[in-house]
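First up is the structure itself, then whatever we jot down about it.
The values are calculated or read from the model by the stated rules, or taken from the named source; none is laboratory data. These figures come from a predicted structure and were not determined experimentally. Because the Cβ atoms are built from the backbone with ideal geometry, glycine has one as well, and the counts that use them run over all protein chains shown. The area values use the complete protein model at the heavy-atom level, side chains included, leaving out ligands, DNA and RNA. Shrake-Rupley method; radii C 1.70, N 1.55, O 1.52, S 1.80 Å.
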Amino acid sequence: PWLLVIAGTITGMIFSFGYFPTLTLSLFWGRLTAKAVEWTLWLSVPLSVFAVYTWTKFKWFQPHPTIWGLLLGFALSIFLSYITNRTEEEKEAWEKLRPILWPGKPTLLREPGDRVFIWFSTVLAILIGLVVIGIYRGWFW
């Protein structure tokens, strides 16, 4: 089981260090370059292994390396974007996608039955939360 835990932690670190920052920045920041994304994704693997190894062996990166992976992933993506140049294709693609991703006027679609759904889902979420807390606290046995 120890190997599965480490493998799962490394996989989560790769996602938090490489995939999540590049995906988020690509949706919200037009300056992100393809080279920066590529290098961040490639560097996320050895840096994640290093972070998990030092976390388990030397107790570095406390409380959890995923938090530090997110911060380092965003910082690395932004830094690499500033030192690499955007190609004309990237600029054209961003100009085509920006109106689709971020339209000028936000639209909020409402239907007559939305309030019932919102109340039902809120009550259901509270009940599920109470059941989970109850199981954790031992209220049911």
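Observations on the model:
- Helical runs (DSSP H, four residues minimum) scored at -39500 (n - 2.57) apiece and divided by the length of the chain put the mean residue ellipticity at 222 nm at -25000 deg cm²/dmol.
- The mean accessible area for residues of the chain, using a 1.4 Å probe and ignoring ligands and nucleic acids, is 77 Å² per residue.
- Within the same chain, lysines fewer than 8 places from K91 are excluded, and of the rest, those with a Cα less than 19 Å from its Cα are K35.
- q = 0.18, 0.22 Å⁻¹: log10 I(q)/I(0) that the Debye formula gives for segment 1-78, counting C-alpha atoms only: -0.65, -0.89
- Put a plus charge on the Cβ of each Lys and Arg, a minus charge on the Cβ of each Asp and Glu, and nothing anywhere else: the dipole of segment 1-92 about its Cα centre is then about 380 debye.
- The separation of segment 94-141 from segment 1-28, counted between C-alpha centres, amounts to 25 Å.
- In the chain, the portion of solvent-accessible area held by carbon and sulfur atoms comes to 74 percent [1.4 Å probe, whole percent, DNA, RNA and ligands not counted].
- For the chain: rounded, prolate or oblate by the Cα gyration tensor [a/c cutoff 1.5]: oblate
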